[in-house]
Amino acid sequence: MKVRFFTADSIQNAMAQVKNVLGRDAIILHTRTFRKGGIMGFFGKDKVEVMAAIDTPAATIASKEIQPLHVEENKSLAAVQQELATMRNLLEQVLCRDPQEVKTSPILDLLINNDIEMHIAQQIIKKINVDNAGDHSVTSELKELIIKQIEDKVQGVEGIVVPVVGRKIVAFIGPTGVGKTTTIAKLAAKFAIQDRYNVALITADTYRVSAVEQLKTYSDIMGIPIHVVYTTDELKRVLDASPDKQLILIDTAGRSPHNSDQLKELENFLQVDDAIEKYLVLSATTKYKDALDIVKNFSACAPDKVIFTKIDEARNIGTIVNLLYQIPIPLSYVTNGQNVPDDIELVDPQKLAQLIFRN
Ligand SMILES: Nc1nc2c(ncn2[C@@H]2O[C@H](COP(=O)(O)OP(=O)(O)OP(=O)(O)O)[C@@H](O)[C@H]2O)c(=O)[nH]1
Ligand SMILES: [Mg+2]
């Protein structure tokens with residue numbers, strides 16, 4: 001049996017390809033739709049993938065396991081369907097039984113120990129053209145090759161760029177406690193004190209009294225004005241009343257990625273002005289699957305860039321690497337400590353990738 005995958009924009013086009021390549025007798029084993037390209041699921045295109053097969057004389061796959069399907073006249077439709085499902089399962093098992101998948105090696109172990117997902121670790125190893133089934137020791141050359149792979153995944157790094165004319169408005173969104181307010185304080189110090197821009201702060205985190213006080217303390221020390229806004233209208237009013245500011249940083253309350261009402265409210269709030277650039281703040285200490293949920297659910301607010309905090313606390317950068325391989329997220333800053341203003345820097349792709357081997 002010859003099995004092939006076909007990808008097209010529509011099921012009709014995929015079927016036409018199946019017919020062209022495998023002929024009219026091809027069997028469709030599986031179809032799925034997925035989104036290709038774009039960022040965080042946005043701007044991508046829907047694609048259809050069809051897995052089809054055709055019997056060939058040289059068929060060897062699982063010839064012992066898959067019994068030929070005899071459709072007896074008195075067999076019920078359910079029985080035939082059951083038999084077909086069994087056959088498909090077997091076939092899928094055999095196809096997925098990549099001989100490399102079960103073998104291990106020091107390089108693979110190292111990546112897995114750094115919380116890189118198995119399929120991503122295999123992808124990295126495959127790309128550097130090393131047979132991971134071999135007994136390769138992890139030489140410095142190999143490490144360099146892996147670092148280069150990860151480095152290449154970090155693309156389009158850009159921090160806040162204050163325009164020469166006009167102003168930049170940036171809102172920081174993300175789950176609770178990841179370091180949004182602290183990061184704003186660090187950036188406010190950099191832009192207001194170091195680079196001498198005319199900066200203002202807005203906090204929409206009126207959920208807790210202490211949240212306002214936290215940012216107010218920093219603004220007092222730095223001599224930067226701060227506005228507290230409770231509603232979308234108030235936000236609009238403050239923005240309208242601040243035409244002279246070159247940079248406006250907006251703090252928002254931490255939101256649970258699983259609370260769709262909160263996310264909707266945040267989305268509406270930020271829609272008040274199209275010019276608001278949105279930075280999603282994520283902690284490097286967050287488990288990969290949780291981080292993936294956060295990215296997916298916060299994508300409703302259409303974030304432009306991502307900041308990773310707490311690099312200093314994280315055991316490794318597995319979550320970051322996994323995310324970079326899963327979704328092409330544009331990175332901006334990383335923070336590596338609680339100190340305001342020092343513990344923040346623009347992402348340096350090579351430096352970040354090198355952290356893969358820090359433990
Ligand atoms: N180790 C470490 N701690 C950090 C970093 N950034 C922030 N923190 C700490 O994380 C804690 C939470 O920081 P906040 O800035 O209040 O976090 P937040 O996202 O604004 O929290 P909410 O407003 O409650 O959602 C504080 O104790 C910060 O000092 C970092 O890069 N490394
Ligand atoms: Mg906060």
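The values are calculated or read from the model by the stated rules, or taken from the named source; none is laboratory data. None of the values given here were measured: they were computed from a predicted structure. Using ideal geometry, Cβ is built from the backbone for each residue, glycine included, and neighbour counts are taken over all protein chains shown. In case anyone asks, the SASA skips ligands and DNA or RNA and just uses the protein heavy atoms, side chains included. Shrake-Rupley method; radii C 1.70, N 1.55, O 1.52, S 1.80 Å.
Checking each residue in the stretch 42-54 for being modelled with pLDDT under 75 and surrounded by 13 or more Cβ atoms within 10 Å (Cβ to Cβ) picks out only 44. Consider the stretch 268-299 and keep the residues that are among the acidic types (Asp, Glu) and open to solvent by 60 Å² or more (accessible area, probe 1.4 Å). The one that is farthest from ligand 1 (Cβ to nearest atom) is 274. For the stretch 131-142, the criterion of a residue being in contact (Cβ under 8 Å) with a residue 12 or more places away in the chain, open to solvent by less than 50 Å² (accessible area, probe 1.4 Å) and within 16 Å of ligand 2 (Cβ to nearest atom) is satisfied by no position. There is at least one residue in the stretch 213-221 that is part of a helix (DSSP H, G or I) and of a type in the set (Phe, Trp, Tyr).
The set of residues in the stretch 302-328 being near ligand 1 (Cβ under 9 Å from one of its atoms) and either within 11 Å of the chain's Cα centre (by Cα) or not in a loop (DSSP other than H, G, I, E, B) (or both) consists of 308, 309. Just one of (1) within 25 Å of the chain's Cα centre (by Cα); (2) of a type outside the set (A, V, I, L, M, F, W, C); (3) modelled with pLDDT of 95 or more fails for residue 219. It is (1).
Selection of the stretch 196-218 for residues being more than 10 Å from ligand 2 (Cβ to nearest atom), surrounded by fewer than 23 Cβ atoms within 10 Å (Cβ to Cβ) and hydrophobic (A, V, I, L, M, F, W, C) yields only 209. Looking across the stretch 180-202 at every residue that is of a type in the set (Lys, Arg) and over 14 Å from residue 345 (Cα atoms), the one that is farthest from ligand 1 (Cβ to nearest atom) is identified as 196. Any idea how many residues of the stretch 160-181 are within 16 Å of ligand 2 (Cβ to nearest atom) and among the basic types (Lys, Arg)? Of the residues in that region, 1 qualify.
Conditions tested, residue by residue: (1) within 13 Å of ligand 2 (Cβ to nearest atom); (2) surrounded by fewer than 17 Cβ atoms within 10 Å (Cβ to Cβ); (3) within 21 Å of residue 335 (Cβ to Cβ).
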| residue | (1), (2), (3) |
| --- | --- |
| 158 | no, yes, yes |
| 183 | yes, no, yes |
| 189 | no, no, yes |
| 194 | no, yes, yes |
| 220 | no, yes, no |
| 223 | no, yes, no |
| 230 | no, yes, no |
| 239 | no, no, no |
| 248 | no, no, yes |
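Is it the case that residue 235 is of a type outside the set (Gly, Ala, Ser) and part of a helix (DSSP H, G or I)?
yes
Scanning the stretch 329-355 for residues that are within 16 Å of ligand 2 (Cβ to nearest atom) and open to solvent by 60 Å² or more (accessible area, probe 1.4 Å) yields a count of 1.
Take the stretch 1-37 and flag every residue that is without any contact (Cβ under 8 Å) to a residue 60 or more places away in the chain, over 27 Å from residue 328 (Cβ atoms) and either aliphatic (A, V, I, L, M) or open to solvent by less than 30 Å² (accessible area, probe 1.4 Å) (or both).
Hits for the stretch 1-37 are 15, 16, 18, 21, 22, 23, 26, 27, 28.
Restricting attention to the stretch 234-259, the residues that are away from ligand 1 (no atom under 16 Å from the Cβ) and in contact (Cβ under 8 Å) with a residue 24 or more places away in the chain add up to 11. Being within 20 Å of the chain's Cα centre (by Cα) and acidic (Asp, Glu) narrows it down to one of 213, 277, so name that one. Being within 20 Å of the chain's Cα centre (by Cα) and acidic (Asp, Glu) holds for just one of 213, 277, which is 277.
Does any residue of the stretch 285-295 turn out to be within 26 Å of residue 346 (Cβ to Cβ), out of contact with any His (no Cβ under 7 Å at 6 or more places or on another chain), assigned to a helix (DSSP H, G or I) and β-branched (Val, Ile, Thr)? Yes - at least one qualifying residue is present in the stretch 285-295.
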